[in-house]
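I have placed the structure first, in the form of structure tokens, so that the comments after it can refer back to it.
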Amino acid sequence: MTSRILVADDHPIFRDGLVKSLEETGEFRVVGTASSAEEAIGLARQKHPDLALLDLSMPGSGLTALSKILSDQSAAYVAMLTVSEEDADVSKALQAGASAYILKGVSATELRRILKGVVAGDAYVSPGLAAKVLSLMATPKPDKEQSPFDDLTNREIEILQFVSKGLSNKEVARELDIQEKTVKHHMTTIMSKLQARNRVEAALMAHDRWRRDA
């Protein structure tokens with residue numbers, strides 16, 4: 001199924017190349033392009049894309065567009081495509097609800113793979129930023145008897161182990177021979193129990209917990 005996508009970047013040559021790369025396989029249809037946060041917000045309201053792909057540093061701020069698009073519910077998912085590896089940018093984007101934080105320089109094939117996963121409900125952070133995200137989102141280590149991990153069922157732990165290794169919901173479902181919607185339901189429960197803001201944080205919390213327990 002073709003996913004409808006909005007692309008926002010203030011560099012025309014890069015934006016045009018990005019649009020061409022996204023549409024060349026037929027997996028995505030670009031329903032609008034913008035060069036500023038204001039344009040992106042307006043187009044999202046008009047087009048209601050499945051996914052908004054935003055440049056962080058465009059005029060008006062990609063973070064502003066991210067927050068407004070999600071609060072308007074004018075796009076199902078928002079992904080950031082940026083050159084910034086700054087702690088504050090990564091933290092603010094994920095805390096504001098970005099489903100993906102992707103560094104520019106990624107190949108066209110890899111970008112399409114990542115965005116297909118985002119539209120399917122997965123989350124993504126560029127390799128190399130995982131440790132940084134974990135340190136930014138780290139919470140004080142609870143006493144063992146107070147650990148939220150103790151509230152997870154065996155099935156939830158099993159699913160979280162796969163997710164922490166980078167598997168998508170579809171891949172987890174295949175590994176466990178269950179339906180993908182069942183995995184999504186479990187992930188919602190897991191994030192609630194761990195008080196994780198998103199799938200990325202839940203996976204990183206699990207990775208850190210099990211690394212320390214090893």
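Show me 167-173, 70-76, 102-108 ranked by packing, highest mean number of other Cβ atoms within 10 Å first.
Numbers: 167-173: 19.4, 70-76: 16.6, 102-108: 14.1.
So the order, starting with the most tightly packed, is 167-173, 70-76, 102-108.
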Q) Using θ = phi - 60° and the Karplus form 6.51 cos²θ - 1.76 cosθ + 1.60, what ³J(HN,Hα) does each residue of segment 109-125 get, whole Hz, x for Gly and Pro? A) 5, 5, 4, 4, 5, 4, 5, 4, x, 4, 5, 7, x, 8, 10, 8, 10
Q: Compute log10 of I(q)/I(0) for the chain with the Debye formula, placing one identical point scatterer on every Cα and leaving out solvent, at q = 0.13 Å⁻¹, to two decimals.
A: -0.74
Q: List 111, 53 from most exposed to least, where exposure is judged by having the fewest other Cβ atoms within 10 Å.
A: 111, 53
Q: Please work out the C-alpha center-to-center distance from segment 1-71 to segment 156-187 and express it in whole Å.
A: 29 Å
Q) Among 68, 165, which comes first, second and so on when ranked by fewest other beta-carbon atoms within 10 Å? A) 165, 68
Q.
Order these by the 10 Å Cβ neighbour count, fewest first: 122, 9, 150, 208.
A. 150, 208, 122, 9
Q | Value of D in µm² per second that Stokes-Einstein yields for segment 1-127, Kirkwood Rh from Cα pairs, at 37 °C (0.692 mPa s) | A | 236 µm²/s
**Q.** Virtual spin-label span in nm between residue 87 and residue 179, 7 Å along Cα→Cβ
**A.** 4.5 nm
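Rounded to the nearest 0.05, what FRET efficiency do residue 109 and residue 23 give with R0 = 22 Å and r taken as the Cβ-Cβ distance? Could you check?
The computed FRET efficiency comes out at 0.95.
Every number here is computed from the coordinates shown, using simple stated rules; none is lab data. Quick caveat: nothing in here was measured; it's all calculated off a predicted structure. Glycine gets a Cβ as well: all are built from the backbone with ideal geometry, and neighbour counts include every protein chain shown.
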